[in-house]
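Asks: One structure coming up, written as structure tokens, with questions to follow.
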Amino acid sequence: MNKNSNIYQIIYAAVMVLIVGTVLAFIYMALKPKQDDNIANDKRKQILSAVHITPASDDAIEETFNKYIVAGYLLNKDGSIADSTENVAFEVEMKNNIKLDERDLPMFKCKLDDGSEKFIVPVYGAGLWGPIWGYVAVNDNGVDIYGAYFTHEGETPGLGAEIANPKFQDQFKDKKIYPDGEFKSISVMKAGQKPTDGSEYVDAISGGTITSRGVQSMLQDCMTPYDPFFRKLQSGTY
């Protein structure tokens, strides 16, 4: 065949595309299990961060998670457990779940070394430049927060990205979500300001107003559906 002909060049290009595509597909399939493991371990680290636990090493992430996160389940709207199948809560993708009219309500139960139990709620929302998300741990009294972890996809370094800073996250510890007996999410307020609804609050990020508002809206939107469960904790009927 004439190597300078159009037919030869078309066949040659098609064969090369097929070969390269096959090689790339093989590499993808070979690496995918490791990529999936890395994604799962990153999620485990984030959940553990909400209860102030840091694995000793990357190799210890899964073991540490399995030690402290003793249960995961989906809740019904009335706060009862709908599904406690293994990994059922872990496998919920919040970026998709948040768009549903009938959302799943995943919950993680943590038991610390001192025997105390914490209940971890995943949250997901929007910042200035993209999604923000995290986990909020509530004490077993169903009233106040034990810890919080937040992160983002593309907020501005030094501004909105500061939601991932422990200094911002630590403000949420011991804040009450039932300050007067009614559920009220934590407000995120500009320094020197206070909410008018009686809710407890933390200081917003200086220069990160939109991201701070995003955190407040995220908490309100994602934690409100758990009100029936928190009330079960308060009444001892869980």
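Asks: Please compute the length gained on full extension between Thr54 and Lys111, using 0.36 nm multiplied by the number of residues separating them and subtracting their Cα-Cα distance. Don't skip to the end; give the middle numbers.
Replies: Numbers: separation 57, 0.36 × 57 = 20.52 nm, distance 1.47 nm.
Answer, rounded to one decimal: 19.1 nm.
Asks: Using 0.36 nm times the number of residues separating Asn38 and Lys190, minus their current alpha carbon distance, what extension gain do you get?
Replies: Values: separation 152, 0.36 × 152 = 54.72 nm, distance 3.66 nm.
Here the answer is 51.1 nm.
Asks: What is the spin-label model distance, in nm, from Asp227 to Ile11 if the labels are put 7 Å beyond Cα along the C-beta direction?
Replies: 7.2 nm
Asks: Enumerate the amide H contacts of Gly127 below 5 Å, restricted to partners 5 or more residues apart or on another chain; note that Pro and chain-start residues carry no placed amide H.
Replies: Ile132
Asks: Once every DSSP H run of n ≥ 4 in the chain is given -39500 (n - 2.57) and the sum is divided by its residues, what mean residue ellipticity at 222 nm do you get, rounded to the nearest 500 deg cm²/dmol?
Replies: On the way: 6 runs with 84 residues, N = 238.
Rounded to the nearest 500, the figure is -11500 deg cm²/dmol.
Asks: Grab the other residues whose beta carbon is less than 15 angstrom from that of Glu117, score K and R as +1, D and E as -1, and report the net.
Replies: Overall, the nearby charge balance is +1.
Asks: Here is a further query. For the chain, with equal point scatterers placed on the C-alpha atoms only and solvent neglected, what are the log10 I(q)/I(0) values from the Debye formula at q = 0.07, 0.12, 0.13, 0.14 1/Å, to two decimals?
Replies: The Debye formula, applied to the Cα set alone, gives -0.31, -0.71, -0.81, -0.92.
Asks: Relative contact order for segment 170-234: what percent, with Cα pairs under 8 Å and sequence separation of 6 or more? Don't skip to the answer; put the middle values down first.
Replies: Working: 70 pairs, mean separation 19.2, N = 65.
The normalised contact order for segment 170-234 reaches 29 percent.
Asks: Another question about this same structure. Can you pull the one-decimal nm distance between simple spin-label points at Asp203 and Val23, each 7 Å off the Cα toward Cβ?
Replies: 5.6 nm
Asks: Straight distance only, please: which lysines reach the Cα of Lys45 with their own Cα at less than 22 Å, same-chain residues fewer than 8 apart left out?
Replies: Lys32, Lys34, Lys67, Lys95, Lys109, Lys111, Lys118, Lys167, Lys173
Throughout, read-outs are computed from the coordinates displayed, never taken from laboratory work. All values reported here derive from a predicted model rather than from experimental measurement. Positions of Cβ are backbone-derived with ideal geometry, glycine not excepted, and every protein chain shown enters the neighbour counts.
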